[in-house]
Amino acid sequence: MCRRENNDLSGNDVVQSFITGSGSFPTFASLNSQLRILVLSLLPSTISDPKNLGTVLHFIYLSSGEGMGGGIRQLLEQVHRLSRRSLFRVLSMGPLPTHLAFIMDGNRRYAKKRGLEDGSGHKAGFSALMSMLQYCYELGIKYVTVYAFSIDNFRRKPEEVQSLMDLMLEKIKSLLDKESIVHEYGIRVYFIGNLGLLNDQVRAAAEEVMKATAKNSRVVLLVCVAYNSTDEIVQAVKRSCVEKADRDVERIQLVDIEENMQMSVAPEPDILIRSSGETRLSNFLLWQTGNSQLFSPDALWPEIGLRHLVWAILNFQRSHSYLEKKKKQL
Amino acid sequence: MLSLRVPSTSFHPRRFHAGALERRWRLGRDCFLSFSHPRGTRSLGVKSTKSEMAPFTAAEEETLPEGLHPELMPKHVAVIMDGNGRWAKNKGLQPWDGHRAGVEALREIVELCGKWGIQVLTVFAFSTDNWIRPKIEIDFLLNLFERTLKSELETLAKNNVRISIIGDSSKLPKSLLKVINEVEEVTKNNTRLQLIVAVGYSGKYDVLQACRGIAQRVKDGEIEVEEIDEKLIEQELETNCTEFPYPDLLIRTSGELRVSNFLLWQLAYTELFFAQELWPDFGRSGFIEALMSFQQRQRRFGGRKS
């Protein structure tokens with residue numbers, strides 16, 4: 001994520017120096033034509049907040065001083081972030097979903113398509129996941145659930161399962177880093193599933209992350225590992241039977257089962273997005289997606305991008321008023 | 001031999017003309033399930049609207065249309081028959097006309113399933129959520145259901161179709177319950193096609209009643225809590241009336257991209273197909289499209305293809 005290196009500078013200072021040409025900042029005249037065009041295109045969006053322009057100019061300064069490569073990349077990231085912010089402002093004019101669920105399908109096919117080695121599909125998938133999480137939380141969606149690993153996936157070849165477990169261990173541990181997305185957005189992380197099926201290291205890392213983020217409350221990330229919806233329902237039924245053992249079985253209601261579901265920490269998903277074009281649930285959130293909008297873009301998971309998210313949300317907004325009416329009737 | 005003719009005295013070929021749908025208002029004017037109406041229309045010199053249907057033969061099964069492979073046919077197809085109300089509204093008709101047209105479309109699909117080797121067809125007739133509809137519509141729907149069951153019983157029995165009804169029967173009128181019991185009893189030994197009709201059903205309700213059944217068995221000491229597993233729940237669900245409780249393909253018409261709490265547990269690995277047409281327009285071409293889409297899919301059940 002972009003960060004200012006010199007915290008003493010305010011955006012307004014930079015703008016002033018830029019215009020007057022004082023100090024050690026480059027002036028508009030000194031920029032090459034591409035950067036001039038870039039600055040001019042940003043002016044409209046910075047009218048409401050000059051600090052944005054200041055930040056951008058600050059990076060132009062950095063880029064002209066430190067070499068164009070890294071600086072330009074940071075600059076472009078900042079530009080993308082600004083344009084995303086305007087896009088999200090437009091989207092938030094309509095109703096936004098509270099909870100989004102993702103089935104991250106297609107990593108291996110992606111690796112095969114690009115001619116990469118086997119494990120790199122999942123690594124690319126992880127970066128795609130981080131981008132999607134960033135977009136969701138920037139948009140203000142409070143709950144995001146992802147299907148990381150199913151109980152059925154244990155049936156794959158042992159080497160593949162082991163490499164997936166190693167990748168998961170590495171990424172779960174990285175969530176504890178100070179620069180991770182968890183701290184940037186104040187995410188509370190839950191690991192949902194039959195964690196007893198995981199090896200000790202992964203389970204311990206998962207529990208550590210859950211404990212470390214327990215106090216966060218802004219947004220929630222639910223990661224389903226070693227999860228099957230039917231398994232979740234079986235555990236909930238078991239718990240309901242034990243709870244109501246001494247009472248009349250007719251008293252068992254839907255709420256009793258729902259309370260005992262691991263996913264009860266979040267409301268039902270509004271949208272379920274499955275990548276790679278397959279249209280099936282694969283034993284994911286069967287109980288919770290009864291009324292969710294199902295969306296299955298053809299893109300493989302590492303190819304998923306902002307446009308798919310925007311499209312899903314626009315479709316959600318289109319049918320939202322009808323669904324709300326139905327919910328009220330119930 | 002699959003003899004699917006109706007008694008010729010009551011056969012009215014004009015009924016199959018699309019315009020006749022609007023004219024059929026009164027009770028007792030329901031169509032008979034007839035797999036042979038092209039023969040009837042041809043003999044009267046009227047051009048059949050369904051010219052692509054094969055001529056009536058004594059063969060048990062019709063050959064599959066081009067592009068469909070018999071070995072890849074789904075064993076169990078589930079259908080959410082959505083869009084009757086909208087269809088009627090688009091045509092400027094009353095909602096009950098839409099439901100009548102829906103019954104016609106259902107007949108066609110049942111016929112195709114029987115011919116193409118599909119073993120189980122589950123249809124979502126009435127959900128627990130539908131109880132909020134206006135009383136007049138609910139009464140009409142349940143009445144229509146009762147009349148259709150009564151009138152079709154003989155034909156279905158002859159065609160070796162087994163009917164099972166699933167759902168919460170506590171809110172259904174007594175007369176309907178009586179007909180349901182009779183139909184289930186008469187057809188229980190049929191083997192060609194099992195037609196499961198979900199009335200007053202929802203996926204969550206099914207799991208709840210399974211949970212109650214299991215809790216009762218635990219209380220009676222028949223099973224231990226630790227023994228509760230997926231197999232046990234599967235046995236307690238209402239779809240235990242069939243050998244193939246898990247649909248291979250779920251079709252929902254009218255373009256809605258939701259499952260609406262239909263068959264929750266059973267849909268774990270079901271291929272979903274969302275059709276744009278409204279249910280009364282779905283018909284044979286829509287069904288073929290859905291089956292072709294199904295046959296092209298790669299089903300991996302969490303594992304790997306290679």
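The values are calculated or read from the model by the stated rules, or taken from the named source; none is laboratory data. Quantities reported herein were computed from a predicted structural model and do not represent experimental measurements. Glycine also receives a Cβ, built like all others from the backbone with ideal geometry; neighbour counts cover every protein chain displayed.
List of remarks:
- The C-beta contact set for segment A:312-330 (first residue modelled with pLDDT under 75, second residue assigned to a helix (DSSP H, G or I) and β-branched (Val, Ile, Thr), distance under 7 angstrom, 6+ apart or interchain) comprises A:Gln329/B:Ile132; A:Leu330/B:Ile132.
- Any hit, segment A:114-129, residues being touching a residue at least 60 places away in the same chain (Cβ under 8 Å) and surrounded by fewer than 16 Cβ atoms within 10 Å (Cβ to Cβ): yes
- Residue within segment A:309-330 that is touching a Ser or Thr at 6+ places or on another chain (Cβ under 9 Å), surrounded by fewer than 23 Cβ atoms within 10 Å (Cβ to Cβ) and either under 27 Å from A:Phe149 (Cα atoms) or aromatic (Phe, Trp, Tyr) (or both) present: no
- Subset of segment A:264-289 that is of a type in the set (A, V, I, L, M) and either within 10 Å of chain B (Cβ to nearest Cβ) or assigned to a loop (DSSP other than H, G, I, E, B) (or both) - its residue that is surrounded by the fewest Cβ atoms within 10 Å (Cβ to Cβ): A:Ala266
- Residues that are within 14 Å of chain A (Cβ to nearest Cβ) and of a type in the set (A, V, I, L, M, F, W, C) within segment B:262-291 comprise B:Phe262, B:Leu263, B:Leu264, B:Trp265, B:Leu267, B:Ala268, B:Leu272, B:Phe273, B:Phe274, B:Ala275, B:Ala290, listed in sequence order.
- Only residues that are surrounded by 15 or more Cβ atoms within 10 Å (Cβ to Cβ) and more than 10 Å from chain A (Cβ to nearest Cβ) were counted in segment B:196-225, giving 7.
- Test result for B:Leu193, at the interface with chain A (Cβ under 10 Å from one of its Cβ atoms) and within 14 Å of B:Thr122 (Cα to Cα): no
- Against the conditions (1) away from chain B (no Cβ under 13 Å); (2) touching a helix residue (DSSP H, G or I) at 6+ places or on another chain (Cβ under 6 Å), A:Thr230 satisfies every one except (1).
- Hits in segment A:137-168 - residues which are in a helix (DSSP H, G or I) and either among the polar types (S, T, N, Q) or under 16 Å from A:Trp301 (Cα atoms) (or both): A:Asn153, A:Gln162, A:Ser163, A:Leu164
- Members of segment A:233-253 that are more than 7 Å from chain B (Cβ to nearest Cβ) and within 19 Å of A:Trp287 (Cβ to Cβ): A:Gln235, A:Ala236, A:Arg239, A:Glu243, A:Gln253
- In the set B:Glu222, B:Glu277, only one residue is more than 25 Å from B:Thr63 (Cα to Cα) and either assigned to a helix (DSSP H, G or I) or without any contact (Cβ under 8 Å) to a residue 24 or more places away in the chain (or both); that residue is B:Glu222.
- The single condition among (1) under 29 Å from A:Arg156 (Cα atoms); (2) crowded, with 18+ Cβ neighbours inside 10 Å; (3) small (Gly, Ala, Ser) that B:Gly303 does not satisfy is (2).
- Cβ pairs under 6 Å, 6+ apart, first in segment B:189-205 and of a type in the set (Ser, Thr, Tyr), second assigned to a helix (DSSP H, G or I): B:Ser202/B:Thr128; B:Tyr205/B:Thr128
- When segment B:80-95 is filtered for residues that are among the aliphatic types (A, V, I, L, M) and either assigned to a loop (DSSP other than H, G, I, E, B) or more than 13 Å from B:Gly255 (Cα to Cα) (or both), the ones remaining, listed by number, are B:Met81, B:Ala88, B:Leu93.
- Considering A:Gly121, A:Gly125, the condition of being touching a helix residue (DSSP H, G or I) at 6+ places or on another chain (Cβ under 6 Å) and within 14 Å of chain B (Cβ to nearest Cβ) is satisfied by A:Gly121 alone.
- Test for B:Arg297: is it within 13 Å of B:Met73 (Cα to Cα), within 14 Å of chain A (Cβ to nearest Cβ) and at pLDDT below 95: yes
- Qualifying positions in segment A:292-329 - of a type in the set (S, T, N, Q) and under 22 Å from the mean Cα position of the chain (by Cα): A:Ser292, A:Gln293, A:Ser296, A:Asn315, A:Gln317
- Selected residue [out of contact with any Gly (no Cβ under 9 Å at 6 or more places or on another chain) and within 26 Å of B:Ser293 (Cα to Cα)] from A:Ile273, A:Ile257, A:Ile304: A:Ile273
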